[in-house]
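*Asks:* So that we are looking at the same thing, I have put the structure below in structure tokens.
A short reminder: the numbers here are calculations on the coordinates, not readings from a lab. Here the structure is a predicted model, which is why all the values come from computation and not from measurement. Neighbour counts are summed over all protein chains in view; Cβ atoms, including those assigned to glycine, are modelled from backbone coordinates with ideal geometry.
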């Protein structure tokens, strides 16, 4: 393991890092000031996306995880849509791939919609998920849970259970203990948790399934799991930091202390501490479950269940359990890294490590949390007159509506300016814009580089808001308004990223299917070369679904197969050729199959076909919808008229470039794409060419190279871009050089034509 020690200024790091590296990054090392350990892993977090991004997003949640020392998170499935099928799961996977800053592995739901009724597509989701769970809800039906365990066992996945018998809840919202009785609250009895654990442990023993219990909170749960382990049941469990450190004695009337399961008695807390010490409790997971500030401000009864924890878990556990001598540092790392990774099969990258400063005390400040749920707002007027000091506005409809009323009550012209932070500004920008307020979303780099460098010290949301306000006042007349076209472009860009994701999935699923049929029907994928239909279906895939083994063909006579094949073509609406049928039959008679023609082989092929068809159908649907949406943008006609651009690449190009007017000159666009020449330090040495920067958008560069490839294949001699590339090729330039040069020239032409076209449109509208 190699660690770059130059990243750290403190000389004390060097020997610690050397020791850590010598142990191949597997064991923690520590001094009086620092601790270095393998990257932590949390198997129970709620990242709220898709569906509830006002609470949290994959981006903000994974940033919070990184801030807390985690390098891997497992995201629970109580989302909208629920990941209960490959199609809905891949939506979440796309967001993770695009936005996660550390490793994030999704869960798949146990039942459709987490309703506890119909089992989800466990077998199809298995390759993509860490485990299966209906977290947030317990599976109430015993037979449904037994079937789920059997199916999960077939898939090689763990059943992860939120254990809660809903018949015993009786409207409770905190622990049914002394605090509830004294303050007149409805309680949740301990039995509601441990009775369902007891049921599930019996089922796990009978089925032999791998079983994991979420966030245990009672002494009875600890004892049940202890006994089950002794009896050989394949069971593990987790608890959360708040159950180890807090009890009902710490309750207050505000919603900060409301979570599910609730904080239990002091006896329960002590039993959990004993459980982690003796190995009954295998790991500590945060159950990080953020809500908006407004949703947590309604008191104990009406606030939503949930507590954040990613950014505080290790510091509070180290302070309360390690420094007090209850746990060793090694044991804490085992609970927060080793055990969760081992149980859930999450590998530790050789360079995954975390550094904690353990020698300096600090106070936890929620204003510095990375985790989402609010925006910081300030209102100012010329002369830096403060009308409203920086304050946090929850991302809820009621809070945003109150802000709208306040803005509209102001005298004179008003403008709202916010940072263009990926997609995360969009809900607020849309809400304000729809209310008739002028909104401008500005590149964060422009804000950063504006005026002094006060954002760096201190770097807080409040400091940021002040600087954005000053930028707004200074650039008042030049601010560009966020509008309907921005919404369309944002949606188109998201669709394109989805398209790219599903295309990659389609390729992977195609290769997977071909690898399988090489064992059952070698070469069957080459029988047809028909392109995919509008619904995503392909002739060769449909053929393999029906004739999934070579014996499906050669077990018949030629006449019988020909008749069967003809009926199949008619049913599937494919062209029939008796000559083609005879050729397939002839080839099949001489093939060797490795796998036997049995139900297992059929299952493998059909699963692979289903996955490929799902991805292919999604790709074609997105391709059509992207073209449809792109056609509503004003530059669509002139872009589609350019050589090399078609119904697929045209919308992709528009999606990744966005509003061309945001680029002040051609070079800004080529730099954005990363096809601009780099700097030529001619004073140092002589060079024949200058490398491109390659610092821009990889998505746009990929689309541009596909357009260049299309031009080369079509060879339109009257096209200036093709002529330019052809000239470079004839000069002996390497592939990447002439392709990049062509992309650069194409973008320059694009910039000129689109800007001119839009300008003419604007002038005609004025006239």
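*Asks:* Express in whole angstrom the spacing between the alpha-carbon centres of region 306-334 and region 47-80.
*Replies:* 21
*Asks:* Taking only C-alpha pairs under 8 Å that are 6+ residues apart, what is the relative contact order of region 60-182 in percent?
*Replies:* With pairs under 8 Å counted, the relative contact order is 21 percent.
*Asks:* Taking the alpha-carbon centroid of each part, what is the distance from region 101-142 to region 577-638 in angstrom?
*Replies:* 27
*Asks:* May I ask you to compute the full-extension gain from residue 450 to residue 316, defined as 0.36 nm times their residue separation minus their alpha-carbon distance, rounded to one decimal in nm?
*Replies:* Contour length minus Cα-Cα distance gives 44.4 nm.
*Asks:* Under the definition of Cα pairs under 8 Å and six or more residues apart, what whole-number percent is the relative contact order of region 41-349?
*Replies:* In percent, rounded to a whole number, it is 16.
*Asks:* Can you work out D for the chain in µm² s⁻¹ from Stokes-Einstein, where Rh is the Kirkwood radius over C-alpha pairs, the temperature is 37 °C and the viscosity is 0.692 mPa s?
*Replies:* Reported coefficient: 109 µm²/s.
*Asks:* Right, another one. Quickly estimate the mean residue ellipticity at 222 nm for the chain, helices only: each DSSP H run with n ≥ 4 gives -39500 (n - 2.57), and the total goes over all residues, rounded to 500.
*Replies:* Taking each H run of at least 4 residues, the total per residue is -14000 deg cm²/dmol.
*Asks:* A follow-up question, please. Given C-alpha coordinates of region 503-554, what is the ratio Rg to Rh with the Kirkwood estimate of Rh? Write out the running numbers ahead of the final one.
*Replies:* Numbers: Rg = 11.1 Å, Rh = 11.5 Å.
Looking at region 503-554, the ratio lands at 0.97.
*Asks:* Which whole-number value in Å³ per residue fits the convex hull of the alpha carbons of region 487-602? Provide the component values of the computation, followed by the final result.
*Replies:* On the way: hull volume 14.0 nm³, N = 116.
Each residue corresponds to 121 Å³ of Cα convex hull volume.
*Asks:* Let me ask another. Sequence gap at least 6, Cα distance under 8 Å: using those rules, report the relative contact order of the chain to the nearest whole percent.
*Replies:* 9
*Asks:* Under the rule a/c < 1.5 gives rounded, and otherwise a/b versus b/c splits prolate from oblate, where does region 561-613 land using the Cα gyration tensor? Working shown, then result.
*Replies:* Values: a/c = 2.57, a/b = 1.32, b/c = 1.95.
It is oblate, given that a/c is not under 1.5 and a/b is not larger than b/c.
*Asks:* Label points 7 Å out from Cα along the Cβ direction at residue 301 and residue 361: separation in nm?
*Replies:* Result: 3.9 nm between the two label points.
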